1. Only residues that are in a helix (DSSP H, G or I), open to solvent by 40 Å² or more (accessible area, probe 1.4 Å) and of a type in the set (S, T, N, Q): list them for the stretch 260-296, please.
2. Sort through S235, S257 and tell me the only one that's out of contact with any Gly (no Cβ under 6 Å at 6 or more places or on another chain), open to solvent by less than 30 Å² (accessible area, probe 1.4 Å), hydroxyl-bearing (S, T, Y) and over 21 Å from H144 (Cβ atoms).
3. Here is a check on your reading of the model: is L119 farther than 29 Å from P253 by Cα and open to solvent by less than 10 Å² (accessible area, probe 1.4 Å)?
4. Search the stretch 128-158 for residues being basic (K, R) and modelled with pLDDT of 85 or more, and hand back the single one that is farthest from E97 (Cα to Cα).
5. Given the conditions (1) out of contact with any His (no Cβ under 8 Å at 6 or more places or on another chain); (2) among the polar types (S, T, N, Q); (3) surrounded by 14 or more Cβ atoms within 10 Å (Cβ to Cβ), which single one is not true for Q19?
6. So S26 fits all but one of (1) outside any helix (DSSP H, G or I); (2) modelled with pLDDT of 95 or more; (3) surrounded by 12 or more Cβ atoms within 10 Å (Cβ to Cβ); what number is the exception?
7. Residues in the stretch 42-54: is at least one at pLDDT 95 or above, of a type in the set (D, E, K, R) and within 19 Å of the chain's Cα centre (by Cα)?
8. Take the residues in the stretch 1-16 that are surrounded by 11 or more Cβ atoms within 10 Å (Cβ to Cβ) and small (G, A, S); name whichever of them is nearest to the chain's Cα centre (by Cα).
Amino acid sequence: ETDAYPSRNGQNAKLINRQDPIVYASKEQRPPIDRSLIDTYNQQGYIVLDNVFTPDEITTYKQELERLRADPKIQQSGEVISEQNSHDLRSIFRVHENSPVFKALAADERLTNLARYLLDDKVYILQSRVNYKPGFRGKDFYWHSDFETWHVEDGMPRMRALSVSISLTENFDNNGPLMLIPGSHKQYVVCEGETPENNYLASLKKQENGVPSDACLENLVTQGGIVSATGKPGSVIIFDCNVMHGSNGNITPFPRSNVFFVYNALSNKVDDQFCTQAPRPEHICTRKNIRPILQR
């Protein structure tokens, strides 16, 4: 089978056109949010929804984040990523499995109904994590398309997945919020280089493989510009698997925490990777424990 989205295979860096839909639902299907927002998602590759979760709900999620941070079993699970030059927590993975609170959140219909609509399929959690970008020393995350990594390193066949980020703290312009390049999801960036062994161990701290070339980035930014996804606690950012995004470091006193779920279409389960390395671990990419989220 020919690879529709080759990358890191000796080719020069370049942009190729996306070959998959962005919104999979038909025009006849009624969206769970205003249709104008669906159109924005189609055009820009992301939307921000304000006030999806109440202050009380956010308090519960923050308390659960603190509980997980302090749990020695979690610390020793191998599912925690710390900052590169300090031992500050960066991410805890697989929270939809190891936290009843976040398991319920992953199945919340405010999120899942929209994911099912956009992907027009049953959905399951490909990856979940809480991200904690501490104040003063939280490091940046370089520009990347999630799909490029999921395709090459995990074997995700097509662009039929999306990410949801629930803000637990305020995302200001200056505390390292998610930055996106609007419209970049319509093109696939072929990256140079190869995939080193156990690349995920380094890339989750600092991504250096599967990153776009300067020329490709410049091209995308010239076409679409750059936006910062700012918002209050309780807001939700939904973004397509192929939109180019990254974040600056956080040298402010204000930490930036979020809960992050990747919803993949059941028909788009990961298969053999498009690289020669062993599969990434289950806590980073769900392969074995695939359970569609049931509609209530």
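1. First, the residues of the stretch 260-296 that are in a helix (DSSP H, G or I): 266-268.
Among the residues that remain, those that are also open to solvent by 40 Å² or more (accessible area, probe 1.4 Å) are: 266-267.
Residue satisfying the conditions is S267 alone.
2. S235
3. Values: farther than 29 Å from P253 by Cα: yes; open to solvent by less than 10 Å² (accessible area, probe 1.4 Å): yes.
Spelling it out, L119 is indeed farther than 29 Å from P253 by Cα and open to solvent by less than 10 Å² (accessible area, probe 1.4 Å).
4. Taking the stretch 128-158 and keeping what is basic (K, R), we get 129, 133, 137, 139, 158.
Pick out the ones that are also modelled with pLDDT of 85 or more and you get 129, 158.
Values: R129: 10, R158: 25 Å.
If we take residues in the stretch 128-158 being basic (K, R) and modelled with pLDDT of 85 or more, then R158 is farthest from E97 (Cα to Cα).
5. The failed condition is (3).
6. Only one criterion in (1) outside any helix (DSSP H, G or I); (2) modelled with pLDDT of 95 or more; (3) surrounded by 12 or more Cβ atoms within 10 Å (Cβ to Cβ) is unmet by S26, namely (3).
7. Narrowing the stretch 42-54 to residues at pLDDT 95 or above: 42-54.
When the remaining residues are screened for being of a type in the set (D, E, K, R), the result is 50.
Applying the additional criterion that residues be within 19 Å of the chain's Cα centre (by Cα) yields 50.
Yes, there is a match, as at least one residue in the stretch 42-54 is at pLDDT 95 or above, of a type in the set (D, E, K, R) and within 19 Å of the chain's Cα centre (by Cα).
8. S7
The values are calculated or read from the model by the stated rules, or taken from the named source; none is laboratory data. Note that the structure is predicted; figures quoted are calculated from it, not measured. Ideal geometry is used to build each Cβ from the backbone, glycine not excepted, and the neighbour counts take in all protein chains shown. Accessible surface is based on the protein model in full, side chains and every heavy atom, while ligands, DNA and RNA are left aside. Shrake-Rupley method; radii C 1.70, N 1.55, O 1.52, S 1.80 Å.
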